[in-house]
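The values are calculated or read from the model by the stated rules, or taken from the named source; none is laboratory data. This one's a predicted model, so the numbers in the text were calculated from it and none came from an experiment. Positions of Cβ are generated from backbone atoms using ideal geometry, with glycine treated the same way; all protein chains shown enter the neighbour counts. Accessible surface areas use protein heavy atoms only, side chains included; no ligands, DNA or RNA. Shrake-Rupley method; radii C 1.70, N 1.55, O 1.52, S 1.80 Å.
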Amino acid sequence: QVQLVESGGDLVQSGGSLNLSCVVSGIGTSGYINPMAWYRQPLWGQRELVASITNSGNTDYADSVKGRFTISRDNAKRTVYLQMNSLKPEDTAAYYCNVGARIAMGRPFREYWGQGTQVTVSS
């Protein structure tokens, strides 16, 4: 069973920093994870892509976070990180880890989601 466990969400003041982590388990040694991404969803808003990263390290960011957030991954640990600096109140949202993965060779490629971690930025 594939599980994505996020951590690192917290209440922080405007201008502060947080580092989110997402550990993926349940992928076999012949499995494959690509890409890894972070999405966010405000309480009364749509879920949006924040950042994504491929196996080769290519990254993509939402315009609203460029220059402030950095996504990275540790393939050996099957973990994706989101370093968030210069946080703003409008960054307040539930942040979700998302991966595309094949749990083992020959198995179908599927998309998986974590349960989310709350980030709240006070002004």
The chain, relative contact order in percent, only Cα pairs under 8 angstrom and at least six apart counted: 36
Estimated inter-spin distance, Ser123 and Ser86, nm [label 7 Å along Cα→Cβ]: 1.9
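Probe radius 1.4 Å, ligands and nucleic acids ignored: give me the carbon and sulfur share of the accessible area of region 18-63 as a rounded percent. Intermediate values should be presented prior to the final figure.
Details: 1230 of 2450 Å².
The value for region 18-63 is 50 percent carbon and sulfur by accessible area.
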Distance between modelled label sites at Ala76 and Gln1, nm, 7 Å Cα→Cβ extension: 3.0
Extension reserve of the Ser25-Glu111 stretch, reckoned as 0.36 nm per residue once the Cα distance is removed: 29.6 nm
Accessible-area value, Lys88, 1.4 Å probe, nucleic acids and ligands omitted, Å²: 80
